[in-house]
Structure formats: structure tokens, C-alpha cells
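Notes to accompany the following structure.
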Amino acid sequence: MKKSLFILAWLLAIILQSCSLFTAVDPLPPAFSTLEVVDIKRNEITVTGTIRNPDSKNDRQEKKSGTIVEYGLVYGAGPSLDIQKDKAIKLGDTPAQVPVSIQNQKITGLASDTRYYVALYARNEGGGMAYSDVLDVKTTLLPPAVITQNSVKVAKTGSLWYDFDAGNAVTAGDPKTDVTINSYSITGRGTVLEINTTGSVQFINLGVADYDKLTYLDLVRVTGYNNTAISYLFNAQTINTVIAFKTGEGRLGKWRIEGVSSSEITMSLITYEN
């Protein structure tokens, strides 16, 4: 009797296993680990996250779900994100390996002081499109100053090469040079300053202006940035001339020339993060 029951149970197990082999399984979409914000700036958000295959119940479901065929980031003004209506950044097609690690991915060109919703998306062969949890992020209003210098004396011997992004003088031919400054004297008139841009740097002479009251937003509103050389006679009327600029690395800033002697230039400088 016991032997018969054992055989019956064994047969039943085989039947159930056989049935499960032919039971339809649904494909699953990709899955995600937590998406996290790494950094928030005025016009940029940086995120990190992971895309992985779904947790399939068996080999057949895994095979039916298939491999990832597209993945990226999607962002927009509302939490119900969809790559068909919102902005998407495609990061790749079929990855070489899974999980896919998304490290320090930047979303650029954003508006300042604005709320954005951000998610990872991925599509696989069988399960279709899936989205990660949605981040709620607000960009900052104004960028911080990366360089602030007040009434700094910079030695000059002939020409002077200067880097606005680092706020210091550099040597001739340095690729970080933003401007070259030359000065020479005109008999009976005084010292002439000649300032030239290098590379993709642009600037504009604002003349004698209230440097301390010139805000970042004022610099954004300034029109006419260009790479045309600036030349002017430095005297009592032109002291505290202010030049607004855009560096090759995309930073805005303001530069005040306060004094010029035979051996040095006294200047103030603020360069803002982009």
C-alpha cells in the first residue's frame, strides 16, 4: 500500500511538472535599482542608477522577456513620464553586460529654479518598456562663484596671459589662456590697455560700472558678447572699467581693472560656475 502511494505521488509530481512546462508565462519588463541624484546645478542635474534584468520565475520566462534593447533617461515637467511625450536621453542599445550601471549621467540645458521629474527607462525584447521610480528635482536659482578675487595685484612684464576659469596668470601659450593683456604708454596721454581674447572666449566692455551691483542675472542679460579686442586709455576717467565675459568652458563672469602701473595691474574678478 505504501509503495502504491509513493508511486502515485511520484506520478502526480511528474504530471504537475509537465503541466508547468507547457503553462503560458508572461514576459517581464526590465527592472531598476534606486535612481539617485548626485548633483544639482542651475542648468544641470546629475544622476546615478542601475538597470537590471527582471526577476524571472524560470528559464522560460527569462527567455521570453529577452535582452535589453534600449535604455536611457527621460525627464519632464510632470511625474507621469513617457518617452513619447517627454524629453529622452538615449544612453545605449543592447548592453555588453547586465546590470547596466549609469554613473554620473548629466542632464544639461535645463532652466534655472525649475522643478523637473527624472526617471530611467529601458526596453527589452519581450516585456516592453519600463520606468524606474521618478525623482522630483528642482534646479538652483543662481550658480555659486568658483573664483572671487578682490583688488589682486598681478605682475606684468610686457604681455600678461590670464585664465578667467582659474583666476590666475598663466605662461605664454598655455591652452587655458582666456585673454592676453598688453600695455604701452603714449607720450602726453598715458597708459593704453589692449586686451585680446583667445580661443572661444567672448567679452564686452561695460565701461566704468558699479562692479559690486552687477549681478549674475545682469551678466546673463548682457547682449553683444564677442571676441573683438578691447583697447582703451587708462586714466582717472576709465579707472574701474568693468568687462563682462563668457569663458570657453561656459562660465560667465565680471572683471574690474582698478589700477595700472609700470610693474603690475590691480584687478578684481568673479567667475561663476556654469
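Within segment 64-94, the set of residues being in contact (Cβ under 8 Å) with a residue 40 or more places away in the chain and farther than 26 Å from residue 139 by Cβ comprises 64, 65, 66, 67, 68, 69, 70. The set of residues in segment 118-166 that are more than 13 Å from residue 81 (Cβ to Cβ), of a type in the set (D, E, K, R) and within 28 Å of the chain's Cα centre (by Cα) comprises 123, 138, 163, 165.
Of all residues in segment 185-202, those satisfying the criterion of being open to solvent by 60 Å² or more (accessible area, probe 1.4 Å) and closer than 18 Å to residue 243 by Cα are 194, 199, 200, 202.
Within this structure, residue 69 fails the test of being of a type in the set (Val, Ile, Thr), assigned to a strand (DSSP E or B), assigned by the TED database to the domain that holds residue 133 and more than 19 Å from residue 96 (Cα to Cα). Checking each residue in segment 8-27 for being open to solvent by 50 Å² or more (accessible area, probe 1.4 Å) and modelled with pLDDT of 60 or more picks out 23, 24, 26. Being hydroxyl-bearing (Ser, Thr, Tyr), assigned to a loop (DSSP other than H, G, I, E, B) and in contact with a Lys or Arg (Cβ under 9 Å, 6 or more places away or on another chain) is the filter; apply it to segment 109-145 and report the residue that is least open to solvent (accessible area, probe 1.4 Å). So, considering only residues that are hydroxyl-bearing (Ser, Thr, Tyr), assigned to a loop (DSSP other than H, G, I, E, B) and in contact with a Lys or Arg (Cβ under 9 Å, 6 or more places away or on another chain), the one least open to solvent (accessible area, probe 1.4 Å) is 139.
Within segment 210-232, how many residues turn out to be open to solvent by 40 Å² or more (accessible area, probe 1.4 Å) and either among the hydrophobic types (A, V, I, L, M, F, W, C) or more than 22 Å from the chain's Cα centre (by Cα) (or both)?
14
Anything in segment 56-70 that is out of contact with any helix residue (DSSP H, G or I) (no Cβ under 9 Å at 6 or more places or on another chain) and of a type in the set (D, E, K, R)? List them, or say none.
57, 59, 62, 63, 64, 70
For (1) over 34 Å from the mean Cα position of the chain (by Cα); (2) under 18 Å from residue 146 (Cβ atoms); (3) part of a loop (DSSP other than H, G, I, E, B), each residue gets a yes or a no:
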| residue | (1), (2), (3) |
| --- | --- |
| 205 | no, no, no |
| 249 | no, yes, yes |
| 256 | no, yes, no |
| 267 | no, yes, no |
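Which residues, taken from segment 233-247, are within 24 Å of the chain's Cα centre (by Cα) and either surrounded by fewer than 17 Cβ atoms within 10 Å (Cβ to Cβ) or not polar (S, T, N, Q) (or both)?
244, 245, 246
Could you please let me know if residue 148 is open to solvent by 40 Å² or more (accessible area, probe 1.4 Å), over 17 Å from residue 257 (Cβ atoms) and out of contact with any His (no Cβ under 9 Å at 6 or more places or on another chain)?
On the way: open to solvent by 40 Å² or more (accessible area, probe 1.4 Å): yes; over 17 Å from residue 257 (Cβ atoms): no; out of contact with any His (no Cβ under 9 Å at 6 or more places or on another chain): yes.
Taking the combined requirement at face value, the residue does not satisfy it.
The values are calculated or read from the model by the stated rules, or taken from the named source; none is laboratory data. Everything numeric here is computed off the predicted structure, so don't read it as measured data. Heads up, the Cβs are rebuilt from the backbone with ideal geometry, glycines too, and the neighbour counts pull from every protein chain shown. Note: accessible area is taken over every heavy atom of the protein model, side chains too, but ligands, DNA and RNA are not part of it. Shrake-Rupley method; radii C 1.70, N 1.55, O 1.52, S 1.80 Å.
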